[in-house]
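Have a look at the structure below before the remarks.
The values are calculated or read from the model by the stated rules, or taken from the named source; none is laboratory data. Since the structure is predicted, the reported quantities are computational estimates derived from the model, not experimental observations. Cβ atoms come from the backbone with ideal geometry, glycine included; neighbour counts cover every protein chain shown. Accessible surface areas use protein heavy atoms only, side chains included; no ligands, DNA or RNA. Shrake-Rupley method; radii C 1.70, N 1.55, O 1.52, S 1.80 Å.
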Amino acid sequence: MSGMIDIVYAEYNYWIYVTLMMIGFYAMIAKKNLIKKVIGANIFQTAIFLFYISLADVTGGTAPIIVGHGGEHAEHAADVIYTNPVPHCLILTAIVVAVSTTAVALALIIRIYNEYGSLEEDVILAARRKLQPEFSEHARQKGVAEVSEQ
Amino acid sequence: MKTLALVVVLITGAMLIYAGHDLPAFGDINSTAYQAPMTQYFIEKSVPESGVPNIVTALLASYRGYDTLGETAVIFTAGMAVMLLLRRRET
Amino acid sequence: MIWILDITMLFFLVVCAIAAISIKDLLSAIIILSAYSLIMAIVWVEMHSVDVGFTEAAVGAGITTVLFIATLARTEGRSED
Amino acid sequence: MSKIQESVIIRTVVRIMVPFIELFALYVIMHGASGPGGGFQGGVIFGAAIILYAMIYGIANGKKKMSDSLDRILASTGLTIYAATGLACIAFGGMFLQYRAVPLLSDPAQVSKYLIDLVEIGIGITVLAVMISLFFDISPPEPEVEEAEE
């Protein structure tokens, strides 16, 4: 029993990150609304960030800012444990890239809404087939030919 | 479609949880990543080499400065892309 | 690392994530996503990652929410699923 | 013109708060070397101050504070500051972004500290300009122009 509790205590953050990643992944695949897809992508990204940050944590450690620089608390400086700073730096970079990708995705969604008047994926695809029937028929025949070749 | 998505997601999650058993425990100080020579080097040498007490800032702007330059360029490019997509030209 | 606070916040994270993708009103979904980002920032600060928590509180809970709401103002606020 | 934008309380509080938010953003940028903070966070907070003003007083009044041409100039200026710092290190005989090569002070760690501050300022300028331009581009156009209560 206590071994089970030890396993849960040691690994619960991995389970939480896998759960969040599954939620975001499911939203990206199964939801038909485009804004829901972007929300799912955001949840996916933050789940991966949570994984990195929990890998960096050290029990009893402190934030990676050097204690005792400039004279204050210099007597404690020797026996301080710092958490791992390298994943923090990587994730700091990734968060700002994430907001850039979100902004470009939202701009594309606005353009799509101005063209097709809807945010639902199936409505947009149906409107696209209606607007360009010859393109759609050509693509369908090509797809059928590829499938029958295999 | 939704059932297929659920199956795919559940298989991915099960594989990740299975792989998670090999990762170090939460807060383990003897993990490979923490005991790596590079991490210890950054913790010990960031103040004498770059003069900045915040190790994350020293990593971001000094040791990985080239990466941060590229990232700033990414933000700039994202701003320009949104401007190209949405800005109406007043003539 | 505070054990009880960590477990509680991670539980709230899962609840917020499920609510954000399952609610039909998109404005509510975005506000719940903002709350999700703020809880995530608290979790990271509690894991001694102050810089990343600060960035997430400013970027994830602030700018991303504003951009989503501005997008909703130009499109429609209802979702079919 | 929505009800929130007409509220006297919100307009007054926003007008009082905006300078303090900007001051805090400058503090975060300059304090990034010795505490939590840095160019990204400070730039985003500074951008959020202008975005708050533009949300309450209208896009047209927001563009009086930060016009489109100033926005473009600032976005490229920040990136130029960063790249010029790296090129200056090459000019003094080091490698790209090797701050210790610049012979400004006797202690190379001090030179590195001040150049890191300069680089953070560059990042902050780019981030604030891009965030404001993202908000102005994505937000819906406003038909009527309304004067600020100065």
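What do you get for the angle between helix D:39-57 and the principal long axis of chain D? Use alpha-carbon atoms, 0 to 90 degrees, nearest ten.
20
Within 10 Å of each Cβ of B:40-52, how many other protein chain Cβ atoms are there on average?
Per residue, the number of nearby Cβ atoms from other chains is 5 on average.
Compare the Cα positions of D:Tyr82, D:Ile16, D:Leu115 along the charge dipole of segment D:3-138 (+1 at Cβ of Lys, Arg; -1 at Cβ of Asp, Glu; about the Cα centre) and return the one farthest towards the positive end.
Checked the options; the winner is D:Ile16.
Ignoring ligands, DNA and RNA, how much accessible area is buried between chains D and B, both sides summed, with a 1.4 Å probe, to the nearest 100 Å²?
2500
So for chain D, averaging the separation of alpha carbon pairs under 8 Å that are six or more residues apart and normalising by length, what relative contact order in percent results?
Relative contact order for chain D comes out at 29 percent.
Before I look further, what does chain B give for accessible area per residue, probe 1.4 Å, in whole square angstrom?
Averaged over the residues of chain B, the accessible area is 55 Å².
On average, how many beta carbons from a partner chain sit within 10 Å of the beta carbon of a residue in B:14-23?
For peptide B:14-23, the averaged partner shielding equals 4.
Any idea of the accessible area per residue across segment C:3-74, 1.4 Å probe, to the nearest Å²?
Counting only protein heavy atoms, the per-residue value for segment C:3-74 is 33 Å².
When a/c reaches 1.5 or more, the comparison of a/b and b/c decides; with that in mind, is the protein assembly as shown rounded, prolate or oblate per its Cα gyration tensor?
Since a/c reaches 1.5 but b/c is at least a/b, the shape of the protein assembly as shown is classed as oblate.
I'd like to compare C:21-30, A:79-88: which one has the highest average count of other Cβ atoms within 10 Å, and what's the full order after that?
My ranking of the peptides, most packed first, is A:79-88, C:21-30.
Between B:Met15 and C:Ser28, what FRET efficiency comes out of the Förster formula 1/(1 + (r/R0)^6) with R0 = 30 Å and r the beta carbon distance, rounded to 0.05?
Given R0 = 30 Å and the Cβ-Cβ separation, E is 0.35.
When a/c is below 1.5 the answer is rounded, else prolate if a/b is larger than b/c, else oblate, so apply that to chain B with a ≥ b ≥ c taken from the square roots of the Cα gyration tensor eigenvalues.
oblate
What is the percent carbon and sulfur in the accessible area of chain A, measuring with a 1.4 Å probe over the protein chains and ignoring ligands?
Using a 1.4 Å probe with all protein chains present, chain A comes out at 63 percent carbon and sulfur.
Tell me the total accessible area that A and C bury against each other, 1.4 angstrom probe, in square angstrom rounded to 100.
Buried area between the two chains comes out at roughly 3900 Å².
Which residue, chosen from A:Ile109, C:Ser34, C:Val15, occupies the Cα position most advanced towards the positive end of the dipole of the protein assembly as shown, where the dipole is computed from +1 (Lys, Arg) and -1 (Asp, Glu) charges on Cβ about the Cα centre?
About the Cα centre, the residue reaching furthest to the positive side is A:Ile109.
Considering only protein heavy atoms and a 1.4 Å probe, what is the carbon-and-sulfur percentage of the accessible area of segment B:27-91?
60
State whether segment C:3-74 is rounded, prolate or oblate according to the following rule on the C-alpha gyration tensor (a ≥ b ≥ c being the square roots of its eigenvalues): a/c under 1.5 gives rounded; otherwise a/b larger than b/c gives prolate, and the remaining case gives oblate.
Here segment C:3-74 falls in the oblate category.
Could you order peptides D:105-111, A:22-28, B:80-86 by the average number of other Cβ atoms within 10 Å of their residues, highest first?
Going by the mean number of other Cβ atoms within 10 Å, highest first, we get A:22-28, B:80-86, D:105-111.
Per-residue mean of other chain beta-carbon atoms within 10 angstrom of the beta-carbon, peptide D:29-36?
6
Please give the charge dipole size of chain D, origin at the Cα centre, charges +1 on K and R Cβ atoms and -1 on D and E Cβ atoms. Round to the nearest 20 debye.
Roughly 420 debye for chain D.
Computed over the Cα atoms, what is the radius of gyration of chain A divided by 2.2 N^0.38 Å, N being its residue count?
1.65
Obtain the nm distance between the two label points defined at D:Ser7 and B:Met38 by a simple spin-label model: each point lies 7 Å from its Cα along the Cα-to-C-beta direction.
The answer from the label model is 5.0 nm.
Given R₀ = 30 Å, FRET efficiency for D:Tyr27-C:Asp81 by Cβ-Cβ distance, to 0.05?
Given R0 = 30 Å and the Cβ-Cβ separation, E is 0.10.
Mind checking how much accessible area A and B bury in total, 1.4 Å probe, in Å² rounded to 100?
Looking at A and B, the buried total is near 4000 Å².
Let me know the charge dipole size of chain B about its Cα centre in debye, to the nearest 20, where only the beta-carbon of Lys, Arg (+1) and Asp, Glu (-1) is charged.
Using only the charged Cβ atoms, the result is roughly 560 debye.
Using a 1.4 Å probe on the protein chains only, how many percent of the accessible area of segment D:1-52 belongs to carbon and sulfur?
78
Taking only C-alpha pairs under 8 Å that are 6+ residues apart, what is the relative contact order of chain A in percent?
19
Which residue, chosen from D:Phe40, D:Met95, D:Ile51, occupies the Cα position most advanced towards the positive end of the dipole of segment D:3-138, where the dipole is computed from +1 (Lys, Arg) and -1 (Asp, Glu) charges on Cβ about the Cα centre?
Comparing the listed Cα positions along the dipole, D:Ile51 ranks first.
Tally Lys and Arg at +1 and Asp and Glu at -1 over the other residues with C-beta under 10 Å from the C-beta of B:Gly79: what net charge comes out?
Local net charge: -1.
Quick one: dipole size for chain C, taken about the Cα centre, charges +1 on Lys/Arg Cβ and -1 on Asp/Glu Cβ, in debye to the nearest 20.
I would put it at about 180 debye.
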